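Single-structure report; data block below.
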Amino acid sequence: QVTCTEVVEAYVERIKEVNPLINAVVKDRFEEALQEAQQVDKLLSEGPGDDYLEEKFPLLGVPITVKEAFSLYGMPNTSGLVNRRNVIATSDATVVSRLKQAGAIPLGVTNCSELCMWYESSNRVYGRTNNPYDLQRIVGGSSGGEGSVLAAACSVIGVGSDIGGSIRMPAFFNGVFGHKPTTGVVPNDGQFPNALGVRTSYLCTGPMCRYAEDLEPVLRVMAGPGVSKLKLNEKVSLEKIKFHCMDHDGGSIFVSPVDKEILQAQKKVVEHLENDLGVQVQRVAIHKMKYSLQIWSAMMLSKDGEGQETQRFTDLLGDHGKPVWPLWELMKWLVGMSSHTLPAIVLGLTEKLVNLDLSGKAKLVSMGKSLQEEMEALLGPDGVLLYPSHPTIAPKHHSPICMPFNFAYTAIFNVLGLPVTQCPLGLGSEGLPLGIQLVAAAYNDHLTLAVARYLEKAFGGWVLPGKV
């Protein structure tokens with residue numbers, strides 16, 4: 001009905017219209033994208049046949065955006081680090097290459113938090129990204145530019161990565177869909193910083209989309225040959241899924257209580273599942289979830305099976321240059337002289353403190369392994385857990401520094417290696433997105449994706465900002 005050139009032009013115009021407000025796309029490649037669109041139209045006019053094209057190029061002509069932490073040829077790859085402001089990618093990350101080979105057209109790269117380790121997407125290279133539903137609110141992190149650009153209808157597909165909720169928090173705060181796949185299926189190659197040691201088991205690359213049905217085809221392309229592990233061809237009977245529901249983590253002292261509106265939205269999901277599907281949603285209270293933050297922190301800092309230490313955050317901040325001294329950077333920050341953000345400096349300071357308590361760390365790692373077994377046993381081959389995405393709706397800018405550990409609600413599932421789909425549930429009383437996490441046992445991604453498609457029909461999914 002429309003040419004690929006017209007589609008790409010429409011998205012380019014949309015970005016030009018709203019990006020000055022949201023600051024999500026930090027570097028565009030509009031000229032190249034339009035040339036690629038013309039090549040797609042030429043290919044279509046030559047007519048090799050729709051079936052052939054669909055099989056060879058499942059994403060032919062689809063506009064996408066990529067988190068700036070991933071290599072996209074010719075684009076910057078700083079991860080918000082001032083030291084790297086002149087770094088330009090000379091190749092594509094594996095997932096980016098796969099998406100391009102499938103016919104997708106990248107429009108540009110989007111903002112993230114400094115070194116992808118904070119849940120507000122702001123840095124000293126590109127500044128701060130704003131939430132399309134309320135410019136005074138955060139977009140989440142670290143894939144916050146992707147969440148914002150998708151919510152503002154500037155892109156069809158986003159490439160995100162997640163080691164503590166970096167796909168799911170932005171998807172939640174911006175009212176779009178995001179999927180953290182089962183660990184180890186989608187390759188993480190070609191992003192900075194990449195994971196080393198045990199963290200290779202916790203970092204996940206995955207799709208972010210406005211529509212639930214888009215998650216699966218994009219995930220297939222991203223996963224490549226590993227896709228068979230995810231059972232995406234298995235038909236899902238929703239009535240046969242064993243649903244479990246947990247309202248909160250049990251009351252961790254480090255984390256905010258869950259907002260009433262978020263609990264109310266979760267309750268509506270439970271009621272809808274029970275009334276519409278005739279299932280019984282089982283309420284559960286998993287005691288160890290109360291220690292989500294401590295378990296995630298301990299497991300992130302533990303050695304791998306070969307005794308390899310994880311890379312220190314302060315070394316990453318230096319990026320092969322002089323080591324960064326967090327206390328000195330804090331002094332510089334106070335007088336406006338540091339090239340780092342306050343969250344990055346604070347993380348550098350806390351990293352040193354956490355490493356001091358070795359016996360406590362070992363106990364928490366053991367508790368994490370035990371929680372993983374408990375979760376796998378609970379969920380089994382046909383279970384899905386409903387769990388809050390975050391204790392609050394999108395907070396105002398800078399306020400995460402006052403409640404720095406609220407990301408524990410997403411982070412725990414990284415160290416447990418479980419697949420999670422973030423699903424929007426319409427807007428709350430302040431016009432901000434609500435949502436829920438759908439969690440399954442390892443390699444049961446097909447279950448959470450199927451439930452997300454179902455809930456999108458029931459609760460409306462993504463809502464255009466400014467529509468209400």
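The values are calculated or read from the model by the stated rules, or taken from the named source; none is laboratory data. All of these numbers come straight from a predicted model, not from anything done at the bench. Glycine gets a Cβ as well: all are built from the backbone with ideal geometry, and neighbour counts include every protein chain shown. Side chains are part of the model used for accessible areas, which takes the heavy atoms of the whole protein and leaves out ligands, DNA and RNA. Shrake-Rupley method; radii C 1.70, N 1.55, O 1.52, S 1.80 Å.
When the residues of region 110-166 are filtered to those that are over 14 Å from the mean Cα position of the chain (by Cα) and charged (D, E, K, R), which remaining residue is nearest to Tyr202 (Cα to Cα)?
Per the stated criteria, the residue is Glu114.
Please state which of the following conditions Lys369 fails to meet, knowing it meets all the rest: (1) in a helix (DSSP H, G or I); (2) of a type outside the set (A, V, I, L, M); (3) surrounded by fewer than 24 Cβ atoms within 10 Å (Cβ to Cβ); (4) touching a Lys or Arg at 6+ places or on another chain (Cβ under 9 Å).
(4)
Restricting to region 417-441, what's the tally of residues that are closer than 13 Å to Asp162 by Cβ and either among the charged types (D, E, K, R) or open to solvent by 20 Å² or more (accessible area, probe 1.4 Å) (or both)?
0
For region 383-416, what are the residues that are assigned to a loop (DSSP other than H, G, I, E, B) and open to solvent by less than 10 Å² (accessible area, probe 1.4 Å)?
Pro388, Ser389, His390, Pro391, Ala394, Asn406
State which residue is most open to solvent (accessible area, probe 1.4 Å) when the search covers only region 285-304 and only residues that are over 15 Å from Phe254 (Cβ atoms), touching a residue at least 60 places away in the same chain (Cβ under 8 Å) and of a type outside the set (A, V, I, L, M).
The selected residue is Lys303.
Taking the condition in contact (Cβ under 8 Å) with a residue 60 or more places away in the chain, within 25 Å of Glu261 (Cα to Cα) and open to solvent by 20 Å² or more (accessible area, probe 1.4 Å), does Asp189 pass?
It is false that Asp189 is in contact (Cβ under 8 Å) with a residue 60 or more places away in the chain, within 25 Å of Glu261 (Cα to Cα) and open to solvent by 20 Å² or more (accessible area, probe 1.4 Å).
Looking only at region 105-149, which residues are hydrophobic (A, V, I, L, M, F, W, C) and either open to solvent by less than 10 Å² (accessible area, probe 1.4 Å) or assigned to a loop (DSSP other than H, G, I, E, B) (or both)?
If the condition is that a residue be hydrophobic (A, V, I, L, M, F, W, C) and either open to solvent by less than 10 Å² (accessible area, probe 1.4 Å) or assigned to a loop (DSSP other than H, G, I, E, B) (or both), then Ile105, Leu107, Val109, Cys112, Leu115, Met117, Trp118, Val125, Leu135, Ile138, Val139, Val149 are the ones that fit.
How many residues, within region 72-90, are open to solvent by 20 Å² or more (accessible area, probe 1.4 Å), in a loop (DSSP other than H, G, I, E, B) and either of a type in the set (A, V, I, L, M) or closer than 18 Å to Leu115 by Cβ (or both)?
Residues meeting the conditions: 3.
Is there any pair with a first residue in region 93-119 that is on the phi > 0 side of the Ramachandran plot and in contact (Cβ under 8 Å) with a residue 40 or more places away in the chain and a second that is open to solvent by less than 10 Å² (accessible area, probe 1.4 Å) and of a type in the set (Val, Ile, Thr) whose Cβ atoms are under 9 Å apart and which are 6 or more apart or on different chains, and what are they?
Hits for this filter: Gly108/Ile15; Gly108/Thr65; Gly108/Val66; Gly108/Val149.
What's the total number of residues in region 260-283 that are open to solvent by less than 50 Å² (accessible area, probe 1.4 Å) and not in a helix (DSSP H, G or I)?
Qualifying residue count, region 260-283: 2.
Of the numbered conditions (1) touching a strand residue (DSSP E or B) at 6+ places or on another chain (Cβ under 8 Å); (2) part of a helix (DSSP H, G or I), Asp51 satisfies every one except a single condition; which is it?
So the condition that Asp51 fails would be (1).
Is it fair to say Leu277 is in contact with an Asp or Glu (Cβ under 9 Å, 6 or more places away or on another chain), at pLDDT 95 or above and within 30 Å of Cys116 (Cα to Cα)?
It is false that Leu277 is in contact with an Asp or Glu (Cβ under 9 Å, 6 or more places away or on another chain), at pLDDT 95 or above and within 30 Å of Cys116 (Cα to Cα).
Whether any residue in region 49-65 is over 19 Å from Cys209 (Cβ atoms), in contact with a helix residue (DSSP H, G or I) (Cβ under 8 Å, 6 or more places away or on another chain) and open to solvent by 20 Å² or more (accessible area, probe 1.4 Å) is what I want to check.
no
Identify, please: which residue in region 199-239 is small (Gly, Ala, Ser) and touching a strand residue (DSSP E or B) at 6+ places or on another chain (Cβ under 9 Å) and is, among those, surrounded by the fewest Cβ atoms within 10 Å (Cβ to Cβ)?
Ala212
Go through region 284-315 and count every residue that is at pLDDT below 95, of a type outside the set (Asp, Glu) and not in a loop (DSSP other than H, G, I, E, B).
Residues meeting the conditions: 10.
Need the failing condition index for Gly380 against (1) among the small types (Gly, Ala, Ser); (2) in contact with a helix residue (DSSP H, G or I) (Cβ under 8 Å, 6 or more places away or on another chain); (3) outside any loop (DSSP other than H, G, I, E, B), just the number.
Gly380 satisfies all of (1) among the small types (Gly, Ala, Ser); (2) in contact with a helix residue (DSSP H, G or I) (Cβ under 8 Å, 6 or more places away or on another chain); (3) outside any loop (DSSP other than H, G, I, E, B) except (2).
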